[in-house]
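Read the figures in this text as sums done on the coordinates, not as results from a lab. What you are looking at is a predicted structure, and each value in this text was computed from that prediction instead of being measured. So basically every Cβ, Gly included, is an ideal-geometry build from the backbone, and we count neighbours across all protein chains shown.
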Amino acid sequence: MAVKLIEMVLALGSNIGDKAQNIDLAYTLIANEIGLITNKSSFFKNPSDGFESQNEFVNTCIKVETKLSCHDVLKSLQSIEKKMGRVKTKPVYEDRIIDIDIIFYGDLIINEPNLKIPHPRYHERSFVLLPLKELGETNDPRLDMT
């Protein structure tokens, strides 16, 4: 029996070092470890949101086709962040070399302590909405709206 491909949307951001290069490396690791990247938005520059920082963010969204479960995707994304040098020193937001969030995973809705899909606040963040709009129509299964 063939494994079904799931289309998901990931949001990526970086505000330390060579931000574009960090995101490009994340693209490579995602393609190698998770699945085929089928669409990429432009890079958008944004101030930090939710914490004070002098470092501007570069943000983007991508569509990825994967055979992995959403839980395996989460583990892989956390591993990629760690490989790239992301260190979490505080329980709150802070500067980061890379941040990768699952925005959508097919039409799945998950509300677990460590995994919430669709991302609970994506619709409040212009740094996700602008790149998401560039990717084309995407449906939010909670609202059944694009």
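Listing for the model above:
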| quantity | calculated |
| --- | --- |
| Long-range amide H partners of S48 with built H, under 5 Å | S53, F57 |
| Between 0 and 90°, nearest 10: helix 70-83 axis offset from the chain longest Cα axis | 30 degrees |
| Extension reserve of the D24-L5 stretch, reckoned as 0.36 nm per residue once the Cα distance is removed | 4.5 nm |
| All-pairs alpha carbon distance profile, the chain, 5 Å steps from 0, percent | 2, 10, 20, 24, 23, 15, 6, 1, 0, 0, 0 |
| Dipole moment magnitude, nearest 20 debye, the chain about Cα centre, only Lys, Arg, Asp, Glu C-beta charged | 280 debye |
| Charge-dipole axis of region 6-134 as Lys and Arg at +1 and Asp and Glu at -1 on Cβ define it, positive-most pick from G50, L25, A11 | L25 |
| Candidate aspartates and glutamates - alpha carbon under 12 Å from K45, same-chain residues fewer than 8 apart omitted | E56 |
| Sequence ranges 20-30, 95-105, ranked by mean other-Cβ count within 10 angstrom, highest first | 95-105, 20-30 |
